[in-house]
Structure formats: structure tokens, C-alpha cells
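The structure under discussion appears below in the form of C-alpha cells.
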Amino acid sequence: MFESVLIANRGEIALRIQRACRSLGLRTIVVYSEADRDAPYVERADVAVCIGPPAATHSYLDQAAILLAANATGAEAVHPGYGFLAENALFAERVVEAGLTFIGPSAACIRTMGDKVAAKKAMRAAGVPCVPGPDATLPDDPEAVRRLAHEIGYPVIVKAAGGGGGRGMRIVTEEAALLDALAVTREEARRAFDNGEVYIEKFLTHPRHVEIQVLADGHGQALWLGSRDCSLQRRHQKVIEEAPAPGIADALVAEIGERCARACQQIEYQGLGTFEFLFEDGAFYFIEMNTRLQVEHPVTEMTAGIDIVQQQIRVARGERLTLTQADIRCRGHAFECRINAENPNTFAPSPGRITGWELPGGYGVRVDSHAGAGYTVSPHYDSMIAKLIVHGDNRADALARLRLALDEMSVSGISTNLPLHRRIALDPAFSSGAVDIHYLERRLREGA
Ligand code: ADP
């Protein structure tokens, strides 16, 4: 059982992980870049080590520097957070080889799920419904590719097997555009992911993004902790998330949840994970699995009443889950807004010094953030500076609380997307629930 954790991340999630560690009485070792010297979790760490300059490739992505820091400080475990090295199988392997615990699933599970074709194949074998299309990468023969697309039926989407972050995808609406789209996606995938393998599947025209949170221990027990709806996206990036996914029958969610939990047992998955689905016309279609803690985990924490990060660390320590599926109940409704340092109209990043910082408060309101007045938002990283999370007895109650909280919150010195969040919170379609993944972009195009 480890007693110290090296947090290989930055920003709000470094602070969130540090809090979970401290609640368990564990020592925290923080690694930071020169740009994050003044972050609150650096100050609160038992040991803090500067691992390099601001550019992530020379700090948060530098595996050797992180492993060296772990070795020098006597860290016994590594928490990768999300982004950076969180889904890097090689890093997980190196952590274990160094004699440390990687707080996450096995490198083998990360590797399988990191290849979307392998993931789809594994999930289909485990009885999880997938988007129609072959569980195989595309052959070189153009005639065979045409045949496959024809069998699926247009529109189809060409996707990079090694893709991520919303990149390496192309929609094809007619046969004439198929081979060009394939060539461009292949080339893009080769450059971005060093893997030119691509596959095709049916393009769903009006799906919602619904995901299932799972938690599994190393003793064969796996639970699903409810659903989240993350349909409100811009450029495949989530903007607002909520739990549970509104308007889907409990029995339908439970059925898919059970399948996800069973799939975890089948692939001997350990730790936290998320099964992402597209949900269209009453049916779920698996798209990918994230083998890590997610940005939007708080909405599940608020509705399930479970400290997910603490549970993740406990199962990594080898503990058995004491919770059973019968203990998991969804209570009320929660929303999360990703507050970004960006221009609310052009979405251009807006780094700089925060001069004013007013946070909302009261019953059912939570803010996860590492920022504050006097904090300088670095241009080197993701622009998210805070997550505003609210909980209410039901969706209408939570939405009313969200509107108040957004009104109370103010940030000055830099621009943020708070005005966009306030508009969305008042939007009639969003308010009535269950918008599809294209809704936000449609509204933005209309100038709303
Ligand atoms: P990434 O790993 O890059 O996030 P995903 O496979 O999770 O890629 O897909 C990201 C987003 O792309 C989804 O949330 C959805 O908006 C869209 N998408 C992916 N596959 C399909 C599909 N078959 N039909 C329609 N939209 C899709």
C-alpha cells in the first residue's frame, strides 16, 4: 500500500487529486513547470519539484523528468490526472517498471482502448452495442472500401484508429468524396498520431453524447455510477455536462450500465473509466472508452454522493470496493460549466493576469479551480480556469441554481466564456433538455 502520490498534472485537476490524497492521509508530491510555480497545490504539496520550462513537451509530457522526480522524492505512486500522459500506455508501463503504482488501469487496457478499432472489437465481444461499421481498419483496395461504405450506407464517418481530442475525423456524404476523404484523414492521422490506420462507421446525424462512469477494483468487482450527458459541444469539445442524462428511461440506462460493468470484468479493467456512447432514437452506440479520470467527474460525484477520486486512489491501493451496485443511487441533478479563459465570441484564448475573481456560493454550488485574483493564466496550456458545478433536487431546480451561480460569478483582467454559459443556461431548448451534439454550433452559427 502506497503512502505517497506524485501528481503528474497541473491546474484544477492537480488540486482536486491533491485534496483526495490529503483526505486519505497520503503525502503529495507535485511536479510543476516554471509557468506553474505559484499554483496553490505547489505551495500545499509535501514536496514540489520543478521539472522544466512552460512548454508541456519539456515538462508535463517529459516522462523521464517525471520518473526522475518520483525516484528522487521517494514517491510510491503516480496519478496522471487527465490529458498529458494519462492515456499513454508506455508511461504506465514505465511507472510500473520503476516499482511504483500507476493510478489507473493496466498498460494493456490503456493500449487496447487507445486503439479505437481494437476497443470497438473488444466491446462488441463483451456485448456492448457499437456504431454500425466493421471492427477493422480499412483495406488499401479502393473497390473494397467503396463496397464497405455502401453496405453501411451514407453518410459515413472516416476516423483515425489512433485519434483523440476530436481530431482525425471526416464526414462523407456521398461516394464521390469517399476516397479523397480517406487519403486526407490517413495523412492527418499519420502526422498527428503517428498511425495512419483509419476505419469507417455510420455517421449519426442527430445523436446525443451520453456516457457511463465505471469504477472497478482489482478483485473482480465493477460498478457503474450513472450516466452523464455531454452533448453541448463546440468543435467536439465539451462545454456543459450534466448528470443524469435527461429523458432516458432508467431501465434503458441501467441495461447499458450493467453491460459496461460486465465488460470491465471481462477485460479485467481496474480503476475509473468512462464508456462514451452516441445516443440516437432510443439506442446507445459505443464510440470509445476513456481509461482515466474525466473533467466532468464532479457531476457524477454530486448525484451519486461518492468522492470518485478518493475511490480511484483506494482501488489503486489494492482495496476492495465496499460499495455494491445497490448502494449506487442517483439523487437529483447536476450541471458543470467549463469556464475557459477565452473570448466568448471568437473563442480565441485570453491568457493574462486575473485582477478580479468573485465566486458564487450557497447550497448546492461547487467551484473546482486552481485560479484566483492575482493568478496569471498561461498561454501554454488548456484555457480552462474553473469548473462551476451545481446540484439540485431535479433538473429545473439545478438549472435555476446554475443561472444564479453564473450571475454571481465574475472574472476580470482576462476574458472568459461566462457570457456564453449565461446565454446557454437561458436557452429554451437547452432548458427543456436533450439537445443533440450539433445544437450549440447550430445556435452559434445563427448568431444566438
Ligand atoms: P475523440 O477521441 O477525438 O474525442 P470520439 O470518437 O470520442 O473522438 O468522437 C468525438 C466526437 O465526434 C463525438 O462526441 C461526436 O460528436 C463525434 N462523432 C464521433 N463518431 C461519430 C459518428 N459515428 N457519428 C456522428 N458523430 C460522431
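Computed from the coordinates by the stated procedures, all read-outs in this text should not be read as laboratory data. Bear in mind the structure is a predicted one, so any value in this text is a computation, not a measurement. Cβ placement follows ideal geometry from the backbone for every residue including glycine, while neighbour counts extend to all protein chains displayed.
Quick look at the numbers
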item	result
Antiparallel bridge percentage (DSSP; both residues within the chain; nearest 5)	80
Within region 110-143, backbone nitrogen closer than 16 Å to the virtual label 7 Å beyond the Cα of His438 toward Cβ	none
Cα-Cα P(r), region 4-103, percent of pairs per 10 Å interval	18, 57, 25, 0
D_trans [Stokes-Einstein, Kirkwood Rh over alpha-carbon pairs] for region 67-224, 37 °C, 0.692 mPa s, µm² s⁻¹	185
FRET E, pair Val96, Ala118, Förster distance 30 Å, beta-carbon r, rounded to 0.05	0.90
Environment charge of Gly74, counting only residues whose C-beta is closer than 14 Å and scoring Lys/Arg +1, Asp/Glu -1	-2
Which of Met123, Met1 has the fewest Cβ neighbours within 10 Å, and the rest in rising order	Met1, Met123
Selection from Gln325, Gly305, Met384 lying farthest towards where the dipole of region 208-447 points positive, charges on Cβ	Met384
In region 22-126, the trypsin sites (Lys or Arg not before Pro) that fall in loop regions by DSSP, at most 14 other Cβ within 10 Å	Arg37
Lysine pairs meeting the criterion (Cα under 28 Å, 8 or more apart or interchain), as found in the chain	13
Cβ-placed point charges (K, R +1; D, E -1), dipole of region 304-346 about Cα centre in debye, nearest 20	200
For region 28-37, 3J(HN,Hα) per residue [Karplus equation, 6.51 cos²θ - 1.76 cosθ + 1.60, θ = phi - 60°, Hz, x = Gly/Pro]	10, 10, 10, 9, 8, 8, 4, 6, 10, 3
Which of Ala56, Ala348, Leu359, positive extreme of dipole for the chain (C-beta unit charges)	Leu359
Within region 163-246, GluC sites (Glu not before Pro) in DSSP loop having at most 15 other beta-carbon neighbours inside 10 Å	Glu174
Spin-label model distance (nm) - Asp194 vs Arg331, 7 Å beyond Cα toward Cβ	4.7
Neighbourhood charge, 15 Å Cβ-Cβ cut-off, centred on Cys50 and excluding it, Lys, Arg +1 and Asp, Glu -1	-3
Whole-Å semi-axes of region 174-292's equivalent ellipsoid (Cα gyration tensor)	29, 19, 13
At R0 = 56 Å, FRET efficiency that the Cβ-Cβ distance of Ser410 and Leu323 yields, to 0.05	0.90
The chain: C-alpha pair distances exceeding 30 Å, %	45
Taking region 232-377 and dividing mean pair separation by its residue count, relative contact order in percent (alpha carbons under 8 Å, at least six apart)	22
Residue-count net charge about Glu143 - beta-carbon cut-off 14 Å; Lys, Arg +1, Asp, Glu -1	-2
Region 98-135 and region 13-34: distance between their alpha carbon centers, rounded to Å	28
Sequence of Glu87, Glu255, Glu276 once ranked by neighbouring C-beta atoms within 10 Å, starting from the fewest	Glu255, Glu276, Glu87
Alpha-carbon Rg with Dmax, taken over region 208-447, Å	18.1, 52
Rounded Å value of the spacing that divides the Cα centres of region 295-329 and region 387-410	23
Using a Förster distance of 25 Å, the FRET efficiency for His219-Glu3 (Cβ separation, nearest 0.05)	0.75
